[in-house]
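As C-alpha cells, the structure follows; a few thoughts come after it.
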Amino acid sequence: MDKDKIVALLNQDIEGEHGAVIQYLTHAYAMGEGEMACEIEAIAREEMRHLDWLAETIVELGGVPSLVRGKMRMGGESVADWMRNDVLLEEDGMNLYREHIKTIDDPEIKRLLQRILSDEESHHGDFQHFVDKAQRKGAKDVRGSRQDKVTQLLNWGIEHEYTVILQYLLHSYIAKNREVKKQMEDQAINEMQHLGWLAEEMVGDGGNPKIEHTEVDRSTETADMLRADIKIEKVVAAEYDRAAKEVKDPDLKKLLQRIRDHEIYHTEVFTDLLKEEQS
Ligand SMILES: [Fe+2]
Ligand SMILES: [Fe+2]
Ligand SMILES: [Fe+2]
C-alpha cells in the first residue's frame, strides 16, 4: 500500500478524533462541575493523544495532518441521550479503526491503530455506563441562554483559543526545528487550558459555549509560522487586556488578566524563536 493511501486513511481517523474531542468537551462543559464531567473530559484528552499520535505518523509518511472536524453526533433531549450519542460515536470510531487495521499492511501503524482501538473499546464501555449513571443521578444540562456583551466576549475567546490550538498543533507537527516543535506543543496545551476556563466561565455565567474556530495559518516555513503566531498573539493579548479593563465581575477580570499574561508570554517565546530561526 503506498504512503499517500495510508495518509488518507489516517487522516480519516484524525478527523474522527477531532469530532470526538469537540463532542465530548461540549457535553462535559454543558454538565457543569462534577465527577462525570471530569471523566468525560479525561476521555476527550485521550482522544487528543490519539490525534497527536496519528498526526506524527502522517508527518513521518510525508503527509500533512487534516484539520477537518469529522462527524459529530450532537442533539438529544437529555444527558442520557448525549451519552447514547457518545456510545454511537465510539462505535463509528471502532468500526473505522477495525477496517483500517485490516487494510493497512505496515506492522507499526497496525500496532498503533490496535492500541487506539483498545482505548475506544474502553471509552465505549464508559459511555454505556454513563447512560445509566446520567439517569440515576438525574444529570442536567446546566447551560443557560444568556446573551449579552459578556457571553459575546467569552465566545470570542473560545473561538480564538480553538483556532490557535489547531494552528499551534499543526505548526508543531510540521516544524522541523525541535525547540519550535516543543514550544508549539506546550503553548497549544496552554491554549487548551484557556479554552476550558472560558467555557466553564461561560456555563457558570448562564451562557452556552460555542466551540467553533476561524481560519488556521497553514504556513510551511518555520519563520512564516512564527510570524503568523506572533501576529495573532499580539492581537489577542491586546483584546484580553481591553476586555479585562471593561468587565465588572472581579473573577472574570482576574481570569482575563491571567489569560492575557499567558498570551504576552507566548508572544515573547515566539519572538525569541523567530530571532533564532533568522540568525
Ligand atoms: Fe474514544
Ligand atoms: Fe490563549
Ligand atoms: Fe496564546
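For LYS71, a cut-off of 26 angstrom between C-alpha atoms picks up these lysines, skipping any fewer than 8 places away in its own chain: LYS3, LYS5, LYS102, LYS110, LYS133, LYS140, LYS210. Share of Cα-Cα pairs in the chain beyond 29 Å, in percent? The calculated P(r) of the chain puts 38 percent of pairs beyond 29 Å.
Approximating the spin labels as points 7 Å out from Cα along Cα→Cβ, the GLU179-to-LYS110 distance works out to 4.2 nm.
Placing +1 on the Cβ of every Lys and Arg and -1 on the Cβ of every Asp and Glu, with nothing else charged, gives segment 121-277 a dipole about its Cα centre of roughly 480 debye. The trypsin sites (Lys or Arg not before Pro) found in segment 172-249 that occupy coil by DSSP, while having at most 12 further C-beta atoms within 10 Å, are LYS176, LYS248.
A compact globular protein would have a Cα radius of gyration near 2.2 N^0.38 Å; the ratio found for segment 220-279 is 1.33. The calculated FRET efficiency for the pair ARG136 and ASP251, based on their C-beta separation and a Förster distance of 25 Å, comes to about 0.15. Computed from the C-beta positions of HIS129 and LYS5, the FRET efficiency with R₀ = 30 Å rounds to 0.20. Segment 94-159 and segment 183-224 have Cα centres lying 18 Å from one another. Taken along its three principal axes, the alpha carbon spread of segment 69-191 comes to 46, 38, 21 Å, from the longest extent down to the shortest. Computing Rg and the Kirkwood Rh from the Cα coordinates of segment 1-136 gives a ratio, Rg/Rh, of 1.00. Across the accessible surface of segment 73-113, with the other protein chains kept in place and a 1.4 Å probe, carbon and sulfur atoms take up 50 percent. With Rh defined as the Kirkwood radius, the inverse of the mean 1/r over Cα pairs, the Rg/Rh of segment 62-123 is 1.06. For segment 179-279, applying the loop criterion from DSSP together with a ceiling of 14 other beta carbons within 10 Å to the GluC sites (Glu not before Pro) yields GLU212, GLU215, GLU221. Sites listed here are GluC sites (Glu not before Pro) in segment 50-145 whose DSSP assignment is loop and whose Cβ has at most 10 other Cβ atoms within 10 Å: GLU77. Rounded to the nearest 0.05, the FRET efficiency derived from the C-beta distance between ASP205 and ASP92 at R0 = 45 Å is 0.85. Mean Kyte-Doolittle of at least -1.0 and a Cα length of 24 Å or more along the axis: which whole DSSP H helices of the chain meet both? Answer set is 3-30, 35-60, 79-103, 149-174, 178-204, 222-246, 250-278.
Average projection, convex hull of the Cα set of segment 106-261: 12.3 square nanometres.
The values are calculated or read from the model by the stated rules, or taken from the named source; none is laboratory data. All values reported here derive from a predicted model rather than from experimental measurement. A quick note on method: Cβ atoms are made from the backbone with ideal geometry, for glycine too, and the neighbour counts reach across all protein chains shown. Only protein heavy atoms, including side chains, enter the accessible area calculation; ligands, DNA and RNA are left aside. Shrake-Rupley method; radii C 1.70, N 1.55, O 1.52, S 1.80 Å.
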